[in-house]
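Engineer: Sharing a structure with you now.
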Amino acid sequence: MDDPPAFVTCPQAVRAVDFGHVLVLIDYRTGNVQALQPSAAAQWNSLSRSGVLARIAPALGRRLLALGLLAPASGPGTWTSALAAPSAQASWGSTEHPAGVVRPLHGPFAETLSAAAALTVAFAATRRQPTGMRRTLTLLSAADARTVRGATLREATCAVTAVRRAGWYSPGRTACLEESVAAVLLLASRRLGVRWCHGIASDPIRLHAWVQTMTGDDVAEPFSTRAYTPVLTIGDRHHQPR
């Protein structure tokens, strides 16, 4: 076994979110998620201020390096500290979260067909492992570059609804990631932009992807989406302050 490096850094694609009772690492190259309990989280936060690997437990360092959540560095250094996120009040498993799907209302066939095409592209990007997440982010950035203005809430809602309508008839899994990516692609085909969001919530730890207008309105999302802390967003080129 090779000797561990003396110094490490956190790859740019890795984001850390600290809920207090747990610190979550998300690798946006692979989509892998790793949770660190308080003692390990404290070591991660300490390491982020020095980059000296010897300052954390050897087993933890080897594990994080093996997962690609740390990378060798040429010398000491720092990286962005973990994003502090509000921790959900302890529910002891009694909190209800929306689940299942509701059949979308009928709509124009041409719009549903365009949404199905966008959904097919989204499927192709997200399904290719282990690079699916990286390919998805590249696709979203390319789509955003095609836009000329931000979509209105009505335009964005129509697009999301059309994608959900197409997804209802899809034989494959159509969840929030596929839906949100397809909505971005559908709007980009009309040169309209939205903000794609990927966030995390606790109790239990769960991930969610959705779209917002450039003014920050969640598009066709339940109130429960507000429990998610956005970790990564793409599509702020047309952002206008409120």
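Read-outs: derived from the displayed coordinates by stated rules, not from any lab. Here the structure is a predicted model, which means the values were calculated and not measured. No Cβ is skipped: glycine too gets one built from the backbone with ideal geometry, and neighbour counts run over all protein chains shown.
Engineer: Around Val14, what is the net charge, scoring Lys/Arg as +1 and Asp/Glu as -1 over all other residues with Cβ under 9 Å from its Cβ?
Structural biologist: +1
Engineer: So, in Å, what gap is there between the alpha-carbon centers of the range 1-73 and the range 188-241?
Structural biologist: Using only Cα atoms to place each centre, the spacing works out to 26 Å.
Engineer: Then there's this: Going by how many other beta carbons lie within 10 Å of each one, how would you line up Ser39, Ser50, fewest first?
Structural biologist: On the way: Ser39 9, Ser50 15.
Listed from fewest to most nearby Cβ atoms, that is Ser39, Ser50.
Engineer: What ³J(HN,Hα) values, in whole Hz, does the Karplus curve 6.51 cos²θ - 1.76 cosθ + 1.60 give for the range 21-34 when θ = phi - 60°, with x put for Gly and Pro?
Structural biologist: 8, 7, 10, 10, 9, 10, 9, 7, 7, 10, x, 6, 10, 10
Engineer: Would the range 8-84 count as rounded, prolate or oblate if I go by the C-alpha gyration tensor, calling it rounded below 1.5 in a/c and otherwise prolate when a/b exceeds b/c, oblate otherwise?
Structural biologist: Details: a/c = 1.37, a/b = 1.15, b/c = 1.19.
Here the range 8-84 falls in the rounded category.
Engineer: Let me ask another. Starting from the amide H of Leu232, placed 1.01 Å from N in the peptide plane, find each other amide H under 5 Å away whose residue is 5 or more places distant or on another chain.
Structural biologist: Result for Leu232 returns His198.
Engineer: Which ordering of Tyr228, Tyr28, Tyr169 is given by a fewest-first count of other beta-carbon atoms within 10 Å? Don't skip to the answer; put the middle values down first.
Structural biologist: Working: Tyr228 21, Tyr28 18, Tyr169 10.
The order, fewest Cβ neighbours first, is Tyr169, Tyr28, Tyr228.
Engineer: Here's something else I'd like to know. Just to be sure I understand: of the beta bridges DSSP finds with both ends in the chain, what percent are antiparallel, rounded to 5?
Structural biologist: Working: 26 of 30 bridges.
In the chain, DSSP labels about 85 percent of beta bridges as antiparallel.
Engineer: Something else now. By counting other Cβ atoms within 10 Å of each Cβ, how are Val14, Val52, Val184, Val219 ranked from fewest to most? Walk me through the numbers before you get to the answer.
Structural biologist: On the way: Val14 22, Val52 16, Val184 31, Val219 25.
Ordered by Cβ neighbours within 10 Å, fewest first: Val52, Val14, Val219, Val184.
Engineer: What is the Rg over Rh value, at two decimals, for the chain, using alpha-carbon atoms and the Kirkwood definition of Rh?
Structural biologist: The Rg/Rh ratio comes out at 1.02.
Engineer: Treating the beta-carbon of each Lys and Arg as +1 and of each Asp and Glu as -1, no other charges, what is the dipole magnitude of the chain about its Cα centre, to the nearest 20 debye? Don't skip to the answer; put the middle values down first.
Structural biologist: On the way: 24 positive and 15 negative charges, 99 e Å.
It comes to approximately 480 debye.
Engineer: Something else now. Given the -39500 (n - 2.57) contribution per DSSP H run of 4+ residues, what per-residue ellipticity at 222 nm results for the chain, rounded to the nearest 500 deg cm²/dmol? Walk me through the numbers on the way to the answer.
Structural biologist: Values: 6 runs with 81 residues, N = 242.
So the calculated ellipticity at 222 nm is -10500 deg cm²/dmol.
Engineer: Also, I was wondering about something else. What net charge do the residues around Val33 carry, taking every other residue with its C-beta under 13 Å from that of Val33, with Lys and Arg at +1 and Asp and Glu at -1? Mind showing how you got there, number by number?
Structural biologist: Numbers: positive: Arg15, Arg29, Arg206; negative: Asp27.
Overall, the nearby charge balance is +2.
Engineer: Another question about this same structure. Cut-off 10 angstrom, C-alpha nodes, Gaussian network model of the chain. Which of Asp27, Asp203, Asp218 fluctuates the most?
Structural biologist: Asp203
Engineer: Can you give the Kirkwood hydrodynamic radius for the range 109-234, in Å, rounded to one decimal and based on Cα pairs? Mind dumping the intermediate values first?
Structural biologist: Values: mean 1/r = 0.0696 Å⁻¹.
Final number for the Kirkwood radius of the range 109-234 is 14.4 Å.
Engineer: Below 8 Å between Cα atoms, with a sequence gap of 6+, how large is the relative contact order for the range 8-84 in percent? Don't skip to the end; give the middle numbers.
Structural biologist: Working: 121 pairs, mean separation 31.9, N = 77.
With pairs under 8 Å counted, the relative contact order is 41 percent.
Engineer: Here's another thing I want to ask about it. Under 5 Å between amide H atoms, partner at least 5 residues away or on a different chain: which partners does Phe7 have, H built in plane at 1.01 Å?
Structural biologist: Leu53, Ala73
Engineer: Taking the chain as a Gaussian network, Cα atoms linked when under 10 Å apart, which of Leu119, Leu64, Leu53 shows the biggest mean-square fluctuation?
Structural biologist: Per the Cα network of the chain with a 10 Å cutoff, Leu64 tops the list.
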